[in-house]
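These notes are about the structure you will find just below.
The values are calculated or read from the model by the stated rules, or taken from the named source; none is laboratory data. Being a predicted model, the structure only gives us computed values, none of them experimental. Counting neighbours? That spans all protein chains shown, and the Cβs are built from the backbone with ideal geometry, glycine included.
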Amino acid sequence: MPIRTAQVDVAEIFGLRHSVLLPGRPPAEAEFAEDTAPGAFHLAAYDPRGALAACVSFCPEPLPGDDTPAYRFRGMASAPAVRGRGYGVAVLDAGLAESAARGARLVWCNARTSASGFYLKRGFEVRGAEFVIEGVGPHVVMTTEAVPRG
């Protein structure tokens, strides 16, 4: 059975984003200025019972130092109970396809170093050296072409 994904209002995914990515931190830290930027969109994947299983947010933003039309994604999270079952892949693939449809040629993120293997398996490349986001941990910039996958 294919995984159901949908574009949603950020309010629908905020709780999952906060609980997975910033547990124990103030909820306001999981609110991103880009959430309401023109062209931003938010995706959710649902389990067979209709429960939110994964989420991600995309916004038009060039990769620093690169003028290629691009979208950046943030706040990618999967519910711990469903990790490894394809829900994260489903929202990521839907986001890559939607970014391409909106004119992006590149998609990028600041990936937690601990999650970089997930992105590498999906065709992303590391750009530059590891850096630390205060209070969150080590990250790397990762990029890929904005093309539909599946």
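Could you identify the single residue in ARG72, ARG102 that is touching a Cys at 6+ places or on another chain (Cβ under 7 Å) and modelled with pLDDT of 95 or more?
Only one candidate qualifies: ARG72.
Residues checked against (1) at negative phi; (2) touching a helix residue (DSSP H, G or I) at 6+ places or on another chain (Cβ under 9 Å); (3) in a strand (DSSP E or B):
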site: ALA44; (1), (2), (3): yes, yes, yes
site: GLY88; (1), (2), (3): yes, yes, no
site: ALA94; (1), (2), (3): yes, no, no
site: ALA100; (1), (2), (3): yes, no, no
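Within the bounds of the stretch 13-34, is there any residue that is assigned to a loop (DSSP other than H, G, I, E, B), more than 22 Å from THR143 (Cα to Cα), over 15 Å from the mean Cα position of the chain (by Cα) and hydrophobic (A, V, I, L, M, F, W, C)?
no
Is it the case that the stretch 61-73 has a residue that's without any contact (Cβ under 8 Å) to a residue 60 or more places away in the chain and part of a strand (DSSP E or B)?
For the stretch 61-73, residues without any contact (Cβ under 8 Å) to a residue 60 or more places away in the chain and part of a strand (DSSP E or B): present.
Mind listing whichever residues of the stretch 103-137 are over 21 Å from SER19 (Cβ atoms) and in a strand (DSSP E or B)?
LEU106, VAL107, TRP108, GLU125, VAL126, ARG127, GLY128, ALA129, GLU130, PHE131, VAL132
Residues checked against (1) surrounded by fewer than 20 Cβ atoms within 10 Å (Cβ to Cβ); (2) modelled with pLDDT under 95:
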{"site": "VAL8", "(1), (2)": "yes, no"}
{"site": "PRO27", "(1), (2)": "yes, yes"}
{"site": "PRO38", "(1), (2)": "yes, no"}
{"site": "ALA45", "(1), (2)": "no, no"}
{"site": "PRO48", "(1), (2)": "yes, yes"}
{"site": "ARG83", "(1), (2)": "yes, yes"}
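Taking into account only those residues within the stretch 50-68 that are of a type outside the set (Ser, Thr, Tyr) and under 13 Å from VAL10 (Cα atoms), which is surrounded by the fewest Cβ atoms within 10 Å (Cβ to Cβ)?
LEU52
Between a first residue in the stretch 83-94 that is within 15 Å of TRP108 (Cα to Cα) and a second residue that is polar (S, T, N, Q), which pairs have beta carbons less than 8 Å apart while being 6 or more apart in sequence or on different chains?
Pairs that qualify, where the first residue is within 15 Å of TRP108 (Cα to Cα) and the partner is polar (S, T, N, Q), are VAL91/THR5; ALA94/THR5.
On the given criteria, is GLU125 modelled with pLDDT of 95 or more and among the acidic types (Asp, Glu)?
Against the criterion (modelled with pLDDT of 95 or more and among the acidic types (Asp, Glu)), GLU125 qualifies.
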